[in-house]
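None of the figures in this text is laboratory data; all of them are computed from the coordinates on show. Keep in mind it's a predicted model, so treat the numbers as computed, not measured. As a convention, Cβ positions derive from the backbone with ideal geometry for all residues, glycine included, and neighbour counts pool all protein chains shown.
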Amino acid sequence: MWFWFALGSAVFAALTSILAKIGIEGVNSNLATAIRTMVVVVMAWGMVFLTNTQGGIKSISQKSWIFLILSGLATGASWLCYYKALQIGEASKVVPIDKLSVVITLVLAFVFLHEEFTAKSLIGCVLIGVGTLVMVL
């Protein structure tokens, strides 16, 4: 099941890039990010209440709070950079560079989460890196 959610994520991320590039025309990138963020906040909390999981907030550990907040700050920084890049660059070049996050995630998962880094992972990282360079040059 995770595969279908991951595929859905990729499809919606692609739509996000195209819709954002069209919508950001003539709009300050920080303002555009704030508007997008408000929509995401409403949608996320709507899902919490729709699935009746708001009671779980009491059981979140301090460690989880800290890392979820840090993750939120990283997301915000990523979105601010992404929207500024989209505003001044071509989507067909911004998006591939943004997707280098796959390579960075694999390396960070190896270093901090002690996940396995195999020959297959290394080859995939190299191919993504080379593919990104080919697309943006």
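Where in the chain are the DSSP H helices whose alpha-carbon span along the long axis reaches 24 Å or more and whose Kyte-Doolittle mean is at least 0.5? Walk me through the numbers before you get to the answer.
On the way: long enough: 2-23 (30 Å, 1.51); 29-50 (31 Å, 1.61); 62-88 (39 Å, 0.74); 119-136 (26 Å, 2.04).
Membrane-span-like by this criterion, though nothing is claimed about a membrane: 2-23, 29-50, 62-88, 119-136.
Treating each Cα of the chain as an identical point scatterer and ignoring solvent, apply the Debye formula and state log10 I(q)/I(0) at q = 0.10 Å⁻¹. Computed log10 I(q)/I(0) values: -0.45.
Measuring nothing but how far apart in sequence close Cα pairs (under 8 Å, 6+ apart) lie, relative to its length, the range 2-89 scores a relative contact order of 58 percent. Only helices enter this figure: runs of n ≥ 4 DSSP H residues, each worth -39500 (n - 2.57), summed and divided by the residues of the chain, yield -27000 deg cm²/dmol at 222 nm to the nearest 500.
Where Lys and Arg each count +1 and Asp and Glu each count -1, what net charge lies around SER9 among other residues with Cβ under 15 Å from its Cβ? Please report the intermediate quantities before stating the final value.
On the way: positive: LYS99; negative: ASP98.
With Lys, Arg at +1 and Asp, Glu at -1, the neighbours total 0.
Taking the chain as a Gaussian network, Cα atoms linked when under 10 Å apart, which of GLY23, GLY89, GLY55 shows the biggest mean-square fluctuation? Maximum among the listed residues: GLY55. Rounded to the nearest 20, the Cβ-based charge dipole of the chain about its Cα centre (Lys and Arg +1, Asp and Glu -1) stands at 160 debye.
Report the gain in length on full extension from GLU116 to LEU68: 0.36 nm times residue separation, minus Cα-Cα distance, nm rounded to one decimal. Could you put the intermediate results ahead of the total?
On the way: separation 48, 0.36 × 48 = 17.28 nm, distance 2.37 nm.
Using 0.36 nm per residue and subtracting the Cα-Cα distance, I get 14.9 nm.
Here the extension length gained between ALA14 and THR105 equals 30.9 nm, from 0.36 nm per residue of separation less the Cα-Cα distance.
Distance between the C-alpha centers of the range 43-77 and the range 80-109? Whole Å please. Each part reduced to its Cα centre gives a spacing of 24 Å.
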